[in-house]
Amino acid sequence: MSRQNFLRTLVVSAPSQKHYDTGIYQNQRKTFMTLSVTGQHCALMCEHCGTKVLETMAVANSPARFQAVADNLLLQGAEGVLVSGGCLDDGSVPLERFVDDIARLKSQGLTVLVHTGLVKRSVARALKEAGVDQILLDIIGDDETISQVYHLDKTTEAYRESLAILREEGLSAIPHVIVGLHFGQLRGEFHALEMIRDEGCQQLVIVALMPLPGTNMATVPLTSGEDVGRVLASARIMMPHTPISLGCAKPAGATKKQMEYYAVDVGVQSIAYPLPDTIRYAEEQGYDIRYHEKCCSLLA
């Protein structure tokens, strides 16, 4: 993208799931939290996760427990919540019995994001009626990745259909593309971008595979900064007017710095937990930096 001679805004996203301190800004640990409606259970046991991600979430696996956790968050002054969980064997998160609780959170003034997995129309309609702010879902662009990584008997058309359902039901869909999901290789990311472009979305989040200890992908090679840069640049070219975020999932160290610099160069609207060097680099490129403690999919 060509440089502009006026200030652009870059949102630094630092939700409460982990501590973030740049020396200038420090987040609060209870502002934006994530709940799992399945606890630490997932039927798919994906190669890259193996339920490890669920271990970082508050357990809310029954309506009573959901309400208790939600009440505690409200008492602590939380501003928002991501409702997530493991998947059933059809790739969906079992949200049906929690819709009333989700609506209650919205009625009490919280920003509510929901991770649905592959979404059924009935669930999408119920979430729309509940007033949720955003729906987050991974979009996979390769059939073998769906089978070999997610252990799911679906094709890429199931992901396209989920995006179409969310659009048709009037929900704000925020698709995520995981760079390197196929055992560290680029495979399907550009097809995923094409599906997202064709179906439309309010915003796009790009993340990178993180080889997590204790998973079947613990030893796969790190996704390179160049690969993430290629996906970011392709996304910007395909969707020049769509806000793009570089999300929280990305490896540490020099690779993270390279990914974040590419993100600044292509003109993303937000970066989750960026390095202080990245913030300085963005300021040098004419960005006005704004901080918040919400998910990177939220720009306001």
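Amide H neighbours of L118 under 5 Å, at least 5 residues apart or on other chains, H built in the peptide plane: list them.
Close amide H contacts, sequence-distant or interchain: S92, V93.
Roughly how many percent of the accessible protein surface of the chain is carbon and sulfur, given a 1.4 Å probe and a whole-percent answer?
Values: 6300 of 12540 Å².
Carbon plus sulfur share of accessible area: 50 percent.
Taking the Cα centre of region 187-239 as origin, work out the dipole magnitude from +1 charges on Lys and Arg Cβ and -1 charges on Asp and Glu Cβ, in debye rounded to 20. Walk me through the numbers on the way to the answer.
Details: 4 positive and 6 negative charges, 19 e Å.
That gives region 187-239 a dipole magnitude of about 100 debye.
Going Cα to Cα from K30, which lysines come in below 20 Å? Please leave out same-chain ones fewer than 8 positions away.
List returned: K18, K106, K294.
Might you tell me the accessible area per residue for the chain, computed with a 1.4 Å probe and given in Å²?
Numbers: 12540 Å² over 300 residues.
Value for the chain: 42 Å² per residue.
Highest GNM mean-square fluctuation, the chain, Cα pairs closer than 10 Å: which of H241, H48, H182?
Of H241, H48, H182, the most mobile in the Gaussian network model is H241.
Please list, by residue number, everything in region 165-182 whose backbone N is under 20 Å from a paramagnetic label point 7 Å out along Cα→Cβ of R121.
165-173
Calculated FRET efficiency, I237 and S147, Cβ-Cβ r, R0 30 Å, to nearest 0.05?
Details: r = 29 Å, r/R0 = 0.98.
E(calc), rounded to 0.05, equals 0.55.
In Å, what Rg and Dmax follow from the Cα atoms of region 256-300?
So, for region 256-300, Rg and Dmax equal 9.9, 26 Å respectively.
Hey, quick one: spin label on D89, modelled 7 Å out along Cα-Cβ, who in region 48-83 has an amide N within reach, i.e. under 19 Å?
Counting backbone N atoms under 19 Å from the label point, the list is 50-51.
Taking the Cα centre of the chain as origin and charging only Cβ (+1 Lys, Arg; -1 Asp, Glu), how large is the dipole, in debye to the nearest 20?
Values: 27 positive and 34 negative charges, 136 e Å.
Magnitude of the dipole: close to 660 debye.
Among C87, H115, H182, whose Cα sits farthest toward the positive end of the charge dipole of the chain (+1 at Cβ of Lys/Arg, -1 at Cβ of Asp/Glu, about the Cα centre)?
H115
For the chain, report the translational diffusion coefficient in µm²/s to the nearest whole number, using Stokes-Einstein at 25 °C, 0.890 mPa s, and a Kirkwood Rh over Cα pairs.
Numbers: Rh = 19.3 Å.
The Stokes-Einstein estimate is 127 µm²/s.
At N72 and A254, where each label point lies 7 Å from the Cα along Cα→Cβ, what is the point-to-point distance in nanometres?
In this crude label model, N72 to A254 measures out at 4.3 nm.
The values are calculated or read from the model by the stated rules, or taken from the named source; none is laboratory data. Only a predicted model underlies this, so the values are computations on that prediction, with no experimental measurement involved. Positions of Cβ are generated from backbone atoms using ideal geometry, with glycine treated the same way; all protein chains shown enter the neighbour counts. Ligands, DNA and RNA are excluded from the accessible area calculation, which covers all protein heavy atoms including side chains. Shrake-Rupley method; radii C 1.70, N 1.55, O 1.52, S 1.80 Å.
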